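The values are calculated or read from the model by the stated rules, or taken from the named source; none is laboratory data. Here the structure is a predicted model, which means the values were calculated and not measured. Cβ: placed from backbone, ideal geometry, glycine included. Neighbour counts: every protein chain shown. Ligands, DNA and RNA are stripped out before the accessible areas are found, and what is left, the full protein with its side chains, is counted by its heavy atoms. Shrake-Rupley method; radii C 1.70, N 1.55, O 1.52, S 1.80 Å.
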Protein chains: 2
Amino acid sequence: MIEDKNPLRTPIEQLGEFGLIDHITKNFATQNAGTVRAIGDDAAVIKHDKHTVVTTDMLVEGIHFDLSYVPLKHLGYKAVMVNLSDVYAMNAIATQVTVSIAISNRFPVEAVEELYDGIALACQNYGVDLIGGDTTASNSGLIISVTALGEQEPDKIVYRSGAKDGDLLVVSGDVGAAYMGLQILEREKAVFKANPNNQPDIEAYSYLIERQLKPEARKDIPKLLEELDVLPTSMIDVSDGLSSEMIHLCKQSSVGMKIYEDKIPLDPTVISSCEEFNLDSTTVALSGGEDYELLFTVKQEDFPKIKANPNLSIIGHVLPQSDGIHLVTRGGEQVAIKAMGWNSFES
Amino acid sequence: MIEDKNPLRTPIEQLGEFGLIDHITKNFATQNAGTVRAIGDDAAVIKHDKHTVVTTDMLVEGIHFDLSYVPLKHLGYKAVMVNLSDVYAMNAIATQVTVSIAISNRFPVEAVEELYDGIALACQNYGVDLIGGDTTASNSGLIISVTALGEQEPDKIVYRSGAKDGDLLVVSGDVGAAYMGLQILEREKAVFKANPNNQPDIEAYSYLIERQLKPEARKDIPKLLEELDVLPTSMIDVSDGLSSEMIHLCKQSSVGMKIYEDKIPLDPTVISSCEEFNLDSTTVALSGGEDYELLFTVKQEDFPKIKANPNLSIIGHVLPQSDGIHLVTRGGEQVAIKAMGWNSFES
């Protein structure tokens, strides 16, 4: 059998900017009644009856992702997820996104299609409409800039600033896995570079890698909390690591916090891979980031409503600001928490 | 007197991502009642009573701008303008923007400040609130991604699709100047490269250069049309050149159009610089782009309301689709108009 060594590579110039936009957006149908007009005019038109939340994030090649191991479809999916995660962190319903990309003209149309396949899948899975964007050339790497919109009743929007002394600190799902997934991918890349014939064995790490490459925003959590009749007092999504997010909540709510090491939810594969990499799993959970879980505070009286829920872990509580922010270790020691989150400007 | 050869250059790492955001956004006050919460949470919160329009544009170094002659403050201003222009092209009022930037960490904080000075000035001049954004590192050039929001009553939003046979084609201001400004700047750059001691003499071209470096979106036009009691049947902003915009209107309205060469509004300096550069001024007007004027159609019965207005030029009219899109030259010849707008993917 003759192998096709030249997969389809249609140059973007062949379609031009408008042709490319037509081509990649023709399969995007809208699903929200609030989307009055999507792609195709100077601006999209939407109608929100409640308050509108707006958030934006930019992903830059070489800073946020490495195309040597990130499939473009996953990248498109993740670019939407990181934005939806911010919408859910406001306790809002995500409704629309715009997606702008800057791409090298060495990218074939098929690569752009893969990227948009991921974007389309994310929109479909999360009930969100793609309503606009911009497609431009780049002299260097790939850039994806997404803006997400959502809506919610004014009195149900949850800010970072509402945590009160005595509230419980809760996190959804588990943390640290996305960071360990990145470690695995970086190791396999190094192994591959040293010996391209070496087939990576990543089966055992599939959960970690999936958390890194294809995170899911917690659309279910605002819904679950509504069903449980719990309105968080403050909320943030875990993009930079638990410690960084706790500091944000504390700073904006003018409170202190205590988090208990033994309460932090870790997947067993995070623990085993941390041992393998000789990393401390608590440090990974606190500083790893990219988990896209929700970290929030609830009133103590809501404890019975959430205590048995398998999606939620109570990991600490809120204190007066003067008490500071501490981790209580398994040994009972108190360690001050400082920002250790991810900083793209560190050299 | 000792000259300071080392202007302030504070490394961004010194502030970190959050420090940088705090630093550059601390002077941004909000002015719209609809802005419930601006920067500082997972998402901004806004309240629009009418329909919301949303548009986004990305500017990429080396593709859309050349930092060797574009001052950062102007660039920040222009990045907001190109987006507001799209809002006005929907006949809406611009209310909020988000601004995301990717910058090399070799950029000092002072450079980011300059960029944001321009963004702040644009927001102030146009009554728009900066409500969010993202600030990240870039391995290569500077990228600016802006999303603009605006609002308007549903029945006053003007789409590209409403032009009807018999309507008049109108453009605001004059066209072609931004493109000629770019030619001047490129020429001066080449002259400077050849002889760095050569002081450029650009006084005579100040209008052209200003149109290129510091365009103003036509916030005044929707307001003027409202005062004149004229609701355009279709509208688009002139970012890629008149011919490209006419094609968009025709395609989306399923109509044809005729534009008259002798009616196209040109500033005298466009005509004189075209002679100097041996360029045809009509071609420049049709294909130059970046004018950020508004091109729209109105019903014939509105003719008396707009005919004497110095801000508006009637340059043609709408025909049935089967008549195609033509330029009527000064000599009375009809030339078919094809897309000649700017395409960032052309190599």
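Using the Cα gyration tensor of segment A:136-184, with a ≥ b ≥ c the square roots of its eigenvalues, what is the shape: rounded (a/c below 1.5), prolate (a/b larger than b/c) or oblate (neither)? It is oblate, given that a/c is not under 1.5 and a/b is not larger than b/c.
Pairwise inverse Cα distances across segment A:168-336, averaged and inverted, put the Kirkwood hydrodynamic radius at 16.8 Å.
Calculated mean residue ellipticity at 222 nm for the protein assembly as shown: -10000 deg cm²/dmol, from DSSP H runs with n ≥ 4 weighted as -39500 (n - 2.57), summed, divided by the residue count and rounded to 500. Applied to segment B:251-261, the Karplus parametrisation 6.51 cos²θ - 1.76 cosθ + 1.60 on θ = phi - 60° returns per-residue 3J(HN,Hα) values of 4, 7, 9, 6, 9, x, 8, 10, 10, 9, 3 Hz, with x for Gly and Pro. Counting charges near B:Val109 (Lys, Arg +1; Asp, Glu -1) among other residues having Cβ under 14 Å from its Cβ returns a value of -4. Amide H contacts of A:Ile315 (H built 1.01 Å from N, in plane; Pro and chain starts excluded): A:Leu169, A:Val170, A:Val171 sit under 5 Å, all sequence-distant by 5 or more or on other chains. Charges were assigned to the Cβ only: +1 to each Lys and Arg, -1 to each Asp and Glu. The resulting dipole of segment B:168-336 about its Cα centre is roughly 260 debye.
For B:Leu142, the amide hydrogen comes within under 5 Å of the amide hydrogens of B:Glu61, counting only partners 5 or more places away or on other chains and with H modelled in the peptide plane.
Here the translational diffusion coefficient of segment A:32-80 follows from Stokes-Einstein with Rh set to the Kirkwood radius across Cα pairs; for 20 °C and 1.002 mPa s it amounts to 156 µm²/s.
Taking the alpha-carbon centroid of each part, what is the distance from segment A:49-120 to segment B:122-167 in angstrom? Centre-to-centre (Cα) distance: 19 Å.
Between B:Asp262 and B:Lys26, the distance separating the two model label sites (each 7 Å from Cα on the Cα→Cβ line) works out to 6.2 nm. With R₀ set to 41 Å, the beta-carbon distance separating A:Asn197 from B:Glu13 gives a calculated FRET efficiency near 0.55.
Rounded to the nearest 0.05, what FRET efficiency do B:Asp323 and B:Glu301 give with R0 = 25 Å and r taken as the Cβ-Cβ distance? Could you check? Rounded to the nearest 0.05, the efficiency is 0.70. Computed on chain A, with alpha-carbon pairs under 8 angstrom and 6+ residues apart, the relative contact order is 21 percent. Close amide-amide hydrogen proximity is noted between B:Asp134 and B:Val99, B:Ser100, B:Ile101, each under 5 Å apart and 5 or more residues distant or on a separate chain (H modeled in the peptide plane; Pro and chain starts excluded). Using a cutoff of 8 angstrom between alpha carbon atoms and counting only pairs six or more residues apart, the relative contact order for segment A:168-336 works out to 40 percent. Three principal axis extents describe the C-alpha atoms of segment B:243-347; from largest down they are 41, 34, 29 Å. The charge dipole of the protein assembly as shown, taken about the Cα centre with unit charges on the Cβ atoms of Lys, Arg (+1) and Asp, Glu (-1), comes to about 360 debye, rounded to the nearest 20. Whole-Hz Karplus values for segment A:273-284 come out as 6, 4, 4, 4, 8, 6, 10, 7, 5, 5, 4, 4 Hz, taken residue by residue from phi with 6.51 cos²θ - 1.76 cosθ + 1.60 and θ = phi - 60°; glycine and proline positions read x. Heavy atoms of chains A and B lose about 5500 Å² of accessible surface on contact, summed over both sides with a 1.4 Å probe.
To the nearest 20 debye, what is the magnitude of the charge dipole of chain B about its Cα centre, counting +1 on the Cβ of each Lys and Arg and -1 on the Cβ of each Asp and Glu?
Around 340 debye, computed over chain B.
Neighbours of B:Thr35 by Cβ distance under 11 Å: Lys/Arg scored +1, Asp/Glu scored -1, total +1. Each principal axis of the Cα atoms in segment B:92-173 has its own extent, and those three values, largest first, are 56, 25, 24 angstrom. Quick one: plug the Kirkwood hydrodynamic radius of the protein assembly as shown (C-alpha pairs) into Stokes-Einstein at 25 °C, 0.890 mPa s, and report D in µm²/s. Diffusion coefficient, whole number: 91 µm²/s. Measuring nothing but alpha carbons in segment B:12-156 and taking Rh as the Kirkwood radius, the Rg to Rh ratio lands at 0.97. Think of segment B:21-121 as having a plus end and a minus end, set by charges on the Cβ of Lys, Arg, Asp and Glu; of B:Phe107, B:Ala89, B:Ile24, B:Ala89 sits farthest toward the positive end of this dipole.
In plain terms, the chain from A:Ser272 to A:Asp155 could stretch by 37.8 nm, reckoned as 0.36 nm per residue minus the Cα-Cα distance. Rounded to the nearest 0.05, the FRET efficiency derived from the C-beta distance between B:Lys251 and A:Asp117 at R0 = 25 Å is 0.40. Taking one quarter of the surface of the C-alpha convex hull of chain A gives a mean projected area of 20.4 nm². Residues in segment A:304-309 carry Karplus couplings, in order, of x, 6, 10, 4, 9, 6 Hz; the curve used is 6.51 cos²θ - 1.76 cosθ + 1.60 with θ = phi - 60°, and Gly or Pro positions show x. Please give the net charge around A:Ile337, taking every other residue with its beta carbon less than 15 angstrom from that of A:Ile337, where Lys and Arg add +1 and Asp and Glu add -1. Net of charged neighbours comes to -2.
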